[in-house]
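Asks: Can you read through this structure? Questions will come right after.
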Amino acid sequence: MVVVQELGATEAQVVLRAGGDPERLSWCSFVTVDRLVCRILLMERRGDFLIPYVRLLSMRSDGTDPKLLGERESFYDEYRRHFDGTIIDWMPGQDGTVLMSRAYVPEAGRMNTRLVRTTEGLGVDRVNVQTLRSTSVERPNPNAFQYMTDGRGNVRIMGTQPMRGSTGQVSSRLDYYYRLGSSGDWQEFSHYDTLTRDGMYPVAVDSALNAAYAIRRLNGRDALYRVKLDGSMATDLVYANDEVDVDGVVFADRGSRVIGVTFADESRRVAYFDQDYGNLARSLGRAVPNLPLIDFVESSQDGNRLLIHAGSDSDAGRYFVFDRAARNLNEIALVRPQLENVRLANVRPVTYPAEDGTSIPAYLTLPPGSDGQNLPAVVLPHGGPESRDEWGFDWLPQYLANQGYAVLQPNYRGSAGYGEAWLQQNGFRSWRTSIGDITAGARWLASQGIADPRRMAILGWSYGGYAALQSGVTEPELFRAIVAIAPLTDLQEWKDERRWFATGRNLREYVGDGPHVAEGSPARHAARIAAPVLLFHGDRDLNVLVGHSRRMHDALRDAGKQSELIVFEGLEHDLGDGDARRRMLERIGAFLRANTGG
């Protein structure tokens, strides 16, 4: 639901609720002092197919006068518009007007009229969110997938993704172009390959410097560069880290200004370019020393008041408003008020040796008040696989620690953030390395006396669920229980079921061909798993179809193994429903206690 609270008020007003069937709320943001734009997600089932939709909705801040911001749909549209657009420039100071990339669909089938819409692709319009009056800024391009502005209403960069001939499949190559000014011909900026990660991709435009910030590999790790947009393409290194990848930039003034670069080593960090924000971040760190993870969320139009989020490993976070003129910091809301008086666990960065001696970074969470010895334990590999865990609050390991378990979250090889070599080929082609790093974490817990080796379990979501099951295949005696949430279980099936998607060819090349496909599919080796298995899946999961869990469950039962499958109707990959997550946690707790004695 969307909640609006006046600063200084004691109560908030609920202005919009999403029923979840099929609509969900993604985010909302103010355009003017009394008008919001919200992103709505929807999912529709057509026969055997799940069809996602994204819509942008404008409404008053009290929830009235809702208006869709995308191109108006027509009975004659040639095909369905799954995505209607994105706000690419909030145009501060221009009341109710934004720049929006809009998806255009041509019409077909109209008879006896010349009023047929033929435009197709992604374009840019200037849109008034109150009146819906719009003017075209950039004509639709069928190959465009992204536009970037300088924060002052000028479109400076366009990203395109060419097709693979007439196959209907998109290439893995992204092509970027730029303009010298607010108009004129597009010139080549860079290329980037999503499979090989070769090349450079832009992340922001700096109007004051007439330059773009872009990320490109340096000595095996992603670094941030500044590229002039004056025709010279003069390129300077802005920031690089010898240990981890740079992964983005930090904005201020509604995305119109870049103030820093972000990366994560043991915890999330920002290197500020803007001295004022850097000094303020350090001052806030001293003012709330127990909440070191500080984010500048938003600012008032005059820049005097800042909305700030601050959190830690054992605090889900609090929102503050900082008044620059008064030098006053006021707490206004808790992220998870239900946990305010609950004792939560601390998270500690650790490393442990893999089988080949490589040092694997991880996070260890111990039950509050425990001595950290001889505990039941859960290894919790992250999803992705090209993602990573970070230091901070995470509801799933906190729940497990609250139930008395030591929790290890390994950033196994195949994780993102640690450079090109750490990614290996990827967590599927190089699954033996990734899974070996994960199971090595369990043995390390036992060798350190932290975990009782007879009471260890593994739990994962998405790729983490795949890793949990595949760990049970490779080392059947290591874990006493396996929990897999929305797991991928058969690599060949995954390739086959995605063949009709526009990205299907890219996925097939990502997974590859060869013995690793069958050998790395846990559903094909269910007979090797010894531990009881608990599976959860949403039947509207488009990331990993629910059939993967059903095949795994059937294969385990056919092999005489203990398996339980719980399918949540109407839910997607993240099981984004509070009641469903509560029921899932309760069942996980009972399952782990029954099989590990926790």
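The values are calculated or read from the model by the stated rules, or taken from the named source; none is laboratory data. Here the structure is a predicted model, which is why all the values come from computation and not from measurement. We place every Cβ from the backbone using ideal geometry, glycine too, and count neighbours over all the protein chains shown. To get the accessible areas, we keep the full protein, side chains included, count just its heavy atoms, and leave off ligands, DNA and RNA. Shrake-Rupley method; radii C 1.70, N 1.55, O 1.52, S 1.80 Å.
Asks: Could you list which residues have their amide H under 5 Å from that of ALA211, counting only those 5 or more apart in sequence or on another chain, with H placed in the peptide plane?
Replies: For ALA211, whose amide H was placed from the backbone, the distant partners under 5 Å are ASP206, LEU229.
Asks: If exposed means no more than 10 neighbouring beta carbons inside 10 Å and the site is in a DSSP loop, what's the longest run of the chain without any exposed GluC sites (Glu not before Pro)?
Replies: It works out to 12-339.
Asks: Take ASP265 and MET163, extend 7 Å from each Cα along the Cα→Cβ direction, and tell me the distance between the two endpoints in nm.
Replies: Between ASP265 and MET163, the label points sit 4.8 nm apart.
Asks: Further, regarding this structure: Please tell me the relative contact order of the range 373-418 in percent, rounded to the nearest whole number, where contacts are Cα pairs under 8 Å and at least six residues apart.
Replies: 56 percent
Asks: Oh, and also: Can you give the percent of C-alpha pairs in the range 212-317 whose distance is more than 23 Å?
Replies: 35 percent
Asks: For a quick check of your reading of the filter: which trypsin sites (Lys or Arg not before Pro) in the range 10-82 sit in a DSSP loop and have no more than 14 other Cβ atoms within 10 Å?
Replies: Loop-located and lightly packed - ARG17, ARG72, ARG80.
Asks: Could you give the length gained on full extension between ASP513 and ASP236, defined as 0.36 nm per residue of separation minus the Cα-Cα distance, in nm?
Replies: 95.7 nm
Asks: Given R₀ = 30 Å, FRET efficiency for ARG152-LEU7 by Cβ-Cβ distance, to 0.05?
Replies: 0.60
Asks: Using a 1.4 Å probe over the heavy atoms of the protein chains, calculate the carbon and sulfur portion of the accessible area of the range 225-360 as a whole percent.
Replies: Carbon and sulfur atoms account for 44 percent of the accessible area of the range 225-360.
Asks: Still on this model: Scan the range 329-414 for trypsin sites (Lys or Arg not before Pro) in coil per DSSP, keeping those whose Cβ has at most 13 other Cβ atoms within 10 Å, and list them by number.
Replies: ARG343
Asks: Then there's this: Hey, could you get me the Stokes-Einstein D for the chain, Kirkwood radius over alpha-carbon pairs, 20 °C and 1.002 mPa s, rounded to whole µm² s⁻¹?
Replies: The Stokes-Einstein estimate is 82 µm²/s.
Asks: Okay, moving on. Counting pairs of alpha carbon atoms under 8 Å apart in space and at least six apart in sequence, what relative contact order in percent does the chain give?
Replies: Value for the chain: 7 percent.
Asks: Which whole-Hz ³J(HN,Hα) couplings does the range 233-240 yield from phi under the Karplus relation 6.51 cos²θ - 1.76 cosθ + 1.60, θ = phi - 60°, glycine and proline marked x?
Replies: 6, 4, 10, 10, 6, 9, 7, 9
Asks: Contour minus end-to-end for ALA108 and ALA502, with contour as 0.36 nm per residue of separation and end-to-end as the Cα-Cα distance?
Replies: The ALA108-ALA502 span can extend by a further 139.7 nm.
Asks: Continuing with the same structure: In whole Hz and in residue order, list the ³J(HN,Hα) couplings for the range 18-28 that follow from phi through the Karplus curve 6.51 cos²θ - 1.76 cosθ + 1.60, θ = phi - 60°; x for Gly and Pro.
Replies: Once θ is set to phi - 60°, the couplings for the range 18-28 become 9, x, x, 9, x, 8, 9, 8, 9, 7, 9 Hz.
Asks: Add +1 for every Lys or Arg and -1 for every Asp or Glu among the other residues with Cβ under 13 Å from the Cβ of ALA144, and state the total.
Replies: Net charge in that neighbourhood comes out at -1.
Asks: Could you look at the range 36-135 and say what percent of its accessible area is carbon and sulfur, using a 1.4 Å probe and all protein chains?
Replies: Solvent-exposed carbon and sulfur of the range 36-135 make up 51 percent of the total.
Asks: Points 7 angstrom from Cα along the Cβ direction at TYR53 and VAL297: gap in nanometres?
Replies: With each label point 7 Å from Cα toward Cβ, the separation is 3.0 nm.
Asks: Mind checking the full-extension length gain between SER182 and ALA530? Use 0.36 nm per residue of separation minus the Cα-Cα distance, one decimal, nm.
Replies: 118.9 nm
Asks: So what is the accessible area of the chain per residue, in Å², with the probe set to 1.4 Å?
Replies: Per-residue value: 46 Å².
Asks: Quick check on the chain: helices-only [θ] at 222 nm, where DSSP H runs of length 4 and up contribute -39,500 (n - 2.57) each and the sum goes over total residues. Nearest 500, please.
Replies: Calculated mean residue ellipticity at 222 nm is -5000 deg cm²/dmol.
Asks: Can you give the local net charge around THR503? Use residues other than it whose beta-carbon is closer than 11 angstrom to its beta-carbon, Lys and Arg +1, Asp and Glu -1.
Replies: Net local charge, THR503 excluded: +4.
Asks: Counting other Cβ atoms within 10 Å, keep those with at most 14, restrict to DSSP loop, and tell me which chymotrypsin sites (Phe, Trp or Tyr not before Pro) in the range 415-513 are left.
Replies: TRP500, PHE501
Asks: Please list 3J(HN,Hα) in residue order for the range 290-307, calculated via the Karplus relation 6.51 cos²θ - 1.76 cosθ + 1.60 where θ = phi - 60°; whole Hz, with x for glycine and proline.
Replies: After applying 6.51 cos²θ - 1.76 cosθ + 1.60, I find 8, 10, x, 8, 10, 10, 8, 7, 6, 9, 5, 4, 8, x, 7, 10, 10, 8 Hz.
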